[in-house]
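Worksheet: one structure, shown below.
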Amino acid sequence: MNVRRVIAGASALLFMALACFASQEASRAGTAGNPTITFRKVFKSSYPEFVEVKVTESGTGTFDIRQLDESPNPQPLTLSHQLAQRIFQLAATLHDFQGVELEAHRRIANLGQKTFRYDNGGETHEATFNYTLNDSANQLLDIFEGISREEGDISDLRRTMHYDRLGVNDVLLQVQNDYNQKLLPEPEQLLSTLDAIANDDQIINIARDRARKLAGHIRLAR
């Protein structure tokens, strides 16, 4: 009888252990399979001093562009499927930043501390550098720098539309320059804001005309 109780008790403990293990595995499976790539740049005494862009494989994410003494304020981000896939393809060529040395180790001026980070469930890898010669890393850096520039341009346009209508044209000049230099990875993201400026009769005509022409160029190039 005592032996049976011991066996029954051992079986119960084994069952509980297996149930706990299964629960943990289910939890891991629930968080895995939705990888995120994060780009962070910290460059004191510059503007902006802090940039962070997070992207999932579906193209959703957040961006946070600010000075270091400002509170975190991540905003929603949506990228095209093609651009999101390009980001993850480049990360894959860099082994998702696992054990990858990107720093060139040359006597280069401070260009800001850049970090690429990969998260997928409990799996995390990152690589930090000031300057790199790695071609894939530089392509990825150009994309993220372009995203932050693009979101910054959109934010500046919306801010001046609401609080400084006379300043809209100056911001448009900068946006136009960024577009002409092909620094914006998805300029079509600007279209709704440009259209709003073009149709706002409280904004000076030169700015409305500039917004209308830039929107036309972007649509023709799509």
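Whether any residue in region 91-114 is assigned to a strand (DSSP E or B), of a type outside the set (Phe, Trp, Tyr) and over 20 Å from LEU184 (Cβ atoms) is what I want to check.
Among the residues of region 91-114, at least one is assigned to a strand (DSSP E or B), of a type outside the set (Phe, Trp, Tyr) and over 20 Å from LEU184 (Cβ atoms), which makes the answer yes.
If you scan region 75-95, which residues turn out to be without any contact (Cβ under 8 Å) to a residue 24 or more places away in the chain, among the aliphatic types (A, V, I, L, M) and surrounded by 12 or more Cβ atoms within 10 Å (Cβ to Cβ)?
none
Only residues that are more than 27 Å from the chain's Cα centre (by Cα) and assigned to a loop (DSSP other than H, G, I, E, B): list them for region 182-222, please.
Those that are more than 27 Å from the chain's Cα centre (by Cα) and assigned to a loop (DSSP other than H, G, I, E, B): ASN199, ASP200, ASP201, GLN202, ILE203, ILE204.
Out of all the residues in region 28-84, which are assigned to a helix (DSSP H, G or I), modelled with pLDDT of 95 or more and not polar (S, T, N, Q)?
Answer for region 28-84, where residues must be assigned to a helix (DSSP H, G or I), modelled with pLDDT of 95 or more and not polar (S, T, N, Q): HIS81, LEU83, ALA84.
Select from region 102-143 the residues that are on the phi > 0 side of the Ramachandran plot and either in contact (Cβ under 8 Å) with a residue 12 or more places away in the chain or outside the structural domain of ILE87 (by TED's automatic domain parsing) (or both) and list them in ascending order.
GLY112, GLY121
Search region 177-197 for residues that are in contact (Cβ under 8 Å) with a residue 12 or more places away in the chain and under 22 Å from ASP142 (Cα atoms) and pair each with any residue that is exposed (fewer than 14 other Cβ atoms within 10 Å of the Cβ) and of a type in the set (A, V, I, L, M) when their beta-carbon atoms are under 8 Å apart and the residues are at least 6 apart or on different chains.
PRO187/ALA221
Would you be able to tell me the number of residues in region 188-222 that are surrounded by 19 or more Cβ atoms within 10 Å (Cβ to Cβ) and charged (D, E, K, R)?
Going through region 188-222 one residue at a time, the tally reaches 2.
Considering only residues that are within 16 Å of ILE37 (Cα to Cα), surrounded by fewer than 16 Cβ atoms within 10 Å (Cβ to Cβ) and modelled with pLDDT of 95 or more, which ones fall in region 100-125?
Correct list: GLU123, THR124.
Would it be correct to say that GLY152 is in contact with a strand residue (DSSP E or B) (Cβ under 6 Å, 6 or more places away or on another chain), among the small types (Gly, Ala, Ser), at positive phi and modelled with pLDDT of 95 or more?
No; evaluated as a whole, the condition is false for this residue.
The values are calculated or read from the model by the stated rules, or taken from the named source; none is laboratory data. Note that the structure is predicted; figures quoted are calculated from it, not measured. When we count neighbours, we look across all protein chains shown, and the Cβ atoms used for this are built from the backbone with ideal geometry, even at glycine.
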